[in-house]
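Input: a single structure, listed below in structure tokens.
The values are calculated or read from the model by the stated rules, or taken from the named source; none is laboratory data. The structure displayed is predicted, hence computed values, not measured ones. All Cβ positions, even for glycine, are placed from backbone atoms using ideal geometry, and neighbour counts span all protein chains on display.
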Number of protein chains: 2
Amino acid sequence: MKLTPVSELKTFALQAFGRCGVSPEDAETAAEVLVTTDTWGVFTHGTKALYAYTRRLRGQGIKPRGRPRIQSEGPAWALVDGDSSLGMVTGVYAMKLAVAKAATSGIALVVVRNSCHFGAAGYYASLAASLGQIGIALSNDVPSVAAPGSRGAVMGSNPFGFGAPSAHEGAMVLDIATAEVAGGKVAAAAAEGKSIPLGWLLDNEGKPTTDPQLFIQRQAALAPMSGHKGYGLALMIEILSGGLSGAKMRDKVGIWMLDPPEQATDHSHAFIAINPATFLGEKVFPGRMDDLFGHIRSGPAAAHVDHVKIPGEIEQGKRAKALAAGIDFPNDVRDKLKTAAEENGLPLPSFLA
Amino acid sequence: MKLTPVSELKTFALQAFGRCGVSPEDAETAAEVLVTTDTWGVFTHGTKALYAYTRRLRGQGIKPRGRPRIQSEGPAWALVDGDSSLGMVTGVYAMKLAVAKAATSGIALVVVRNSCHFGAAGYYASLAASLGQIGIALSNDVPSVAAPGSRGAVMGSNPFGFGAPSAHEGAMVLDIATAEVAGGKVAAAAAEGKSIPLGWLLDNEGKPTTDPQLFIQRQAALAPMSGHKGYGLALMIEILSGGLSGAKMRDKVGIWMLDPPEQATDHSHAFIAINPATFLGEKVFPGRMDDLFGHIRSGPAAAHVDHVKIPGEIEQGKRAKALAAGIDFPNDVRDKLKTAAEENGLPLPSFLA
């Protein structure tokens with residue numbers, strides 16, 4: 001398999017966004033989010049979906065020249081209208097706004113309405129950490145996950161991102177969804193004709209099933225992470241993003257991969273930034289995180305592992321390899337990148353040849 | 001089994017705290033936290049532990065006349081020194097402080113050091129909701145939970161509480177720990193001589209085990225909730241409470257039930273309050289929560305359940321029954337209440353006779 005150079009992948013993404021009328025500045029932002037996510041090895045949320053973003057951009061369901069704007073604000077908060085821009089553009093705007101406010105307020109919450117799918121929540125958490133702050137990034141989505149006792153999906157597999165900086169031990173970046181397993185894993189088993197373990201999927205009667213085909217046929221919902229715990233966290237995320245921003249919630253949110261591309265999806269998000277220096281003074285917190293992360297890493301590990309990892313560490317290792325040697329994309333990603341080239345009238349980049 | 005009247009239980013708790021030199025005002029606060037938790041049916045975090053709080057109060061590891069105080073603050077944040085007071089006294093003080101600040105700032109974060117075990121995180125989340133705000137309550141604790149790939153415990157089963165008010169549909173109150181199952185469940189299986197399912201416990205080599213005795217013998221650690229997800233959330237909670245307050249972290253925190261009662265445990269907490277009216281104006285958010293909760297409740301439910309529940313709803317139902325008819329305590333709670341009576345020189349209350 002040919003490795004994909006990161007710089008060429010980014011150039012390709014910039015061209016695709018450009019073909020849809022996105023400004024160079026916004027294309028840079030969105031491409032950076034997706035390509036960084038690919039370097040982490042999180043292919044489900046990287047450029048694999050480039051074709052879906054550009055389809056909706058061409059349909060105007062995402063406005064190529066949309067501009068997120070502050071609808072109302074205070075020193076420690078803001079309500080942002082995403083103007084149906086690219087979710088990555090609005091997400092980066094909103095997290096940077098939260099970080100700027102937290103720099104003086106200690107903590108800030110920015111909620112966003114009228115957005116679309118924003119990629120990986122972990123990107124925004126990582127962004128806050130790279131700016132020396134703690135970040136939390138949340139988003140709602142259409143229901144795909146059951147609640148305890150439900151027949152059918154009740155909540156989205158709403159993502160939770162958390163980032164915290166250290167001085168020398170790297171950032172912690174947590175990015176989790178609130179379903180027990182990702183829908184992509186169930187779909188992969190269905191494609192391979194395999195059965196799945198009990199506990200991943202619930203049929204339309206609310207009973208556990210091992211048949212992944214039911215999910216493809218929309219006759220089943222993902223199981224929530226640890227039952228009532230994942231359900232509760234997903235509902236919390238819906239409240240903080242959709243509820244607090246006055247946006248659409250649950251099944252009123254658009255299905256961003258499938259709905260007609262002329263329609264805005266009205267996803268909503270919430271971003272919290274916390275400035276540790278406000279609480280502890282300059283330079284104290286990063287050193288404390290060095291101690292915390294270092295002690296966990298040097299603690300006793302099971303025979304099969306090198307050491308206990310800090311969340312995000314594996315992704316950082318993959319990123320270093322990707323930047324040095326390129327990204328080893330599986331075929332499904334390469335196929336979707338080809339679709340993006342074709343649909344945007346771009347020559348096939350050499351890394352896809 | 002004789003039911004325990006809620007008012008008599010509270011009087012008993014007030015007397016016990018009073019015998020240890022706690023002021024009537026602080027005794028009222030702490031008793032209200034523990035007794036409310038009992039009315040929810042969450043017996044692990046109610047008056048069952050009264051004897052343990054009073055032991056440490058008599059030993060001065062918890063100061064009977066300690067006073068939580070603001071060490072530094074801004075309009076949207078505060079760092080509180082708990083002065084080794086009762087965790088419930090400091091917790092209520094800190095969450096009320098967060099709510100007061102969020103009333104004007106939109107969001108506020110209060111971090112707390114020098115505290116002790118504060119009971120159920122859900123109490124503080126519920127407190128914020130009862131005051132019309134969204135609340136998040138977090139606490140660190142000594143390690144009892146493994147990380148993926150670790151040998152032995154790495155993180156506490158750090159609790160996460162979330163509360164949100166509605167106008168007419170009751171509050172959502174989520175209270176979850178970050179271990180896959182509570183240690184109490186493993187201990188109960190050990191006491192009954194039963195084995196436990198794979199996935200609850202990891203032995204000292206980091207391998208799954210069905211033997212709950214290993215947990216009692218401190219030769220095993222609880223499994224994290226959904227593997228890396230629960231580990232990541234527990235680490236986040238440690239960072240926001242212990243990390244951000246400058247307090248002790250992980251194994252440096254005291255074991256509140258077992259350490260010598262002369263020692264302060266130095267637990268730390270974090271409380272976030274969010275004022276929805278700041279974002280949406282008065283009365284908008286509670287109505288939105290009515291819609292959200294109502295639609296979830298009226299959605300399709302599996303054959304064996306009445307309707308899909310909002311987190312905290314089951315506990316509210318138990319509370320209504322408890323207030324009307326009393327609490328049906330299991331024997332282990334009644335035994336521990338007897339211990340509290342004996343150790344505090346109180347006559348056995350009639351509900352324990």
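Brief remarks follow.
- Test: residue in segment B:230-243 that is in a loop (DSSP other than H, G, I, E, B) and surrounded by 19 or more Cβ atoms within 10 Å (Cβ to Cβ): no
- Segment A:320-353, residues that are on the phi > 0 side of the Ramachandran plot and either surrounded by fewer than 17 Cβ atoms within 10 Å (Cβ to Cβ) or part of a strand (DSSP E or B) (or both): A:G345
- Residue in segment A:203-217 that is free of Cβ contacts under 8 Å to residues at least 24 places away in the same chain and small (G, A, S) present: no
- Filtered residues of segment A:238-260 (kept if under 17 Å from the mean Cα position of the chain (by Cα), more than 10 Å from chain B (Cβ to nearest Cβ) and either among the polar types (S, T, N, Q) or within 28 Å of B:G161 (Cβ to Cβ) (or both)): A:S241, A:V253
- For B:A125, the test of being crowded, with 22+ Cβ neighbours inside 10 Å and either more than 14 Å from chain A (Cβ to nearest Cβ) or modelled with pLDDT of 95 or more (or both) is passed.
- Residue that is farthest from the other protein chains (Cβ to nearest Cβ), among those in segment B:128-141 that are under 17 Å from B:H45 (Cβ atoms) and of a type in the set (S, T, N, Q): B:S139
- B:G87 surrounded by 24 or more Cβ atoms within 10 Å (Cβ to Cβ) and within 30 Å of A:A277 (Cβ to Cβ): yes
- Residue count for segment B:297-353, restricted to those that are of a type outside the set (D, E, K, R) and out of contact with any helix residue (DSSP H, G or I) (no Cβ under 8 Å at 6 or more places or on another chain): 16
Rundown of residues vs (1) closer than 26 Å to B:G232 by Cα; (2) surrounded by fewer than 20 Cβ atoms within 10 Å (Cβ to Cβ); (3) touching a Phe, Trp or Tyr at 6+ places or on another chain (Cβ under 6 Å); (4) at the interface with another protein chain (Cβ under 9 Å from one of its Cβ atoms), yes/no style:
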| position | (1), (2), (3), (4) |
| --- | --- |
| A:E262 | no, yes, no, no |
| A:H267 | yes, no, no, no |
| A:F279 | yes, no, no, yes |
| A:G294 | yes, yes, no, no |
| A:E313 | yes, yes, no, no |
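- Qualifying residues in segment A:43-76 (those that are β-branched (V, I, T) and in contact with an Asp or Glu (Cβ under 7 Å, 6 or more places away or on another chain)) - the one farthest from A:L127 (Cα to Cα): A:T54
- Pick from segment B:68-109, criterion within 19 Å of the chain's Cα centre (by Cα) and of a type in the set (G, A, S), ranking: nearest to B:L280 (Cα to Cα): B:A98
- All of B:A167, B:A190, B:A223 fail the test of being more than 10 Å from chain A (Cβ to nearest Cβ), in contact (Cβ under 8 Å) with a residue 24 or more places away in the chain, touching a Phe, Trp or Tyr at 6+ places or on another chain (Cβ under 7 Å) and surrounded by fewer than 20 Cβ atoms within 10 Å (Cβ to Cβ), apart from B:A190.
- First in segment A:142-159 and more than 9 Å from chain B (Cβ to nearest Cβ), second anywhere and among the hydrophobic types (A, V, I, L, M, F, W, C) and in a loop (DSSP other than H, G, I, E, B), Cβ under 6 Å, 6 or more apart: A:V142/A:V253; A:V142/A:I255; A:G156/A:V142; A:S157/A:A177; A:P159/A:A177
- Complete set of residues in segment A:1-57 that are closer than 19 Å to A:A325 by Cα and outside any helix (DSSP H, G or I): A:M1, A:K2, A:L3, A:T4, A:P5, A:W40, A:G41, A:V42, A:G46
- A count restricted to segment A:128-171 and to residues that are in a loop (DSSP other than H, G, I, E, B) and within 30 Å of B:L244 (Cα to Cα) stands at 14.
- Within segment B:200-213, the presence of a residue that is within 30 Å of B:V80 (Cβ to Cβ) and hydroxyl-bearing (S, T, Y) is excluded.
- Of the residues making up segment B:193-208, just one is in contact with a Pro (Cβ under 8 Å, 6 or more places away or on another chain) and facing chain A (nearest Cβ under 9 Å), namely B:L202.
- The one condition in (1) out of contact with any strand residue (DSSP E or B) (no Cβ under 7 Å at 6 or more places or on another chain); (2) within 25 Å of A:G243 (Cβ to Cβ); (3) not basic (K, R) that A:V22 fails to fulfil: (2)
- Among residues of segment B:7-39 being among the β-branched types (V, I, T) and out of contact with any Leu (no Cβ under 6 Å at 6 or more places or on another chain), the one that is farthest from B:L174 (Cα to Cα) is B:V22.
- Being in contact with a Lys or Arg (Cβ under 8 Å, 6 or more places away or on another chain) and farther than 30 Å from B:L348 by Cα holds for only one residue in B:L97, B:L138, B:L127, B:L50, and it is B:L127.
- Qualifying residue in segment A:174-184 (condition: within 14 Å of chain B (Cβ to nearest Cβ) and either surrounded by fewer than 21 Cβ atoms within 10 Å (Cβ to Cβ) or free of Cβ contacts under 8 Å to residues at least 24 places away in the same chain (or both)): yes
- Annotation: of all residues in segment B:196-220 being over 16 Å from B:P143 (Cα atoms) and of a type in the set (D, E), the one that is surrounded by the most Cβ atoms within 10 Å (Cβ to Cβ) is B:D211.
- Residues satisfying the stated conditions in segment B:39-69, i.e. of a type in the set (S, T, Y) and either out of contact with any strand residue (DSSP E or B) (no Cβ under 8 Å at 6 or more places or on another chain) or within 18 Å of B:E343 (Cβ to Cβ) (or both): B:T44, B:T47, B:Y51, B:Y53, B:T54
- Selection within segment A:274-298 - more than 16 Å from B:P143 (Cα to Cα) and among the aromatic types (F, W, Y): A:F279, A:F285
- Of the numbered criteria (1) within 10 Å of chain B (Cβ to nearest Cβ); (2) closer than 30 Å to B:A78 by Cα, the one A:H304 fails is (2).
- Residue within segment B:309-319 that is touching an Asp or Glu at 6+ places or on another chain (Cβ under 8 Å), on the phi < 0 side of the Ramachandran plot, part of a helix (DSSP H, G or I) and touching a residue at least 40 places away in the same chain (Cβ under 8 Å) present: no
- Positions within segment A:70-109 being within 14 Å of chain B (Cβ to nearest Cβ), among the hydrophobic types (A, V, I, L, M, F, W, C) and not in a helix (DSSP H, G or I), in sequence order: A:I70, A:A76, A:W77, A:A78, A:L79, A:V80, A:I107, A:A108, A:L109
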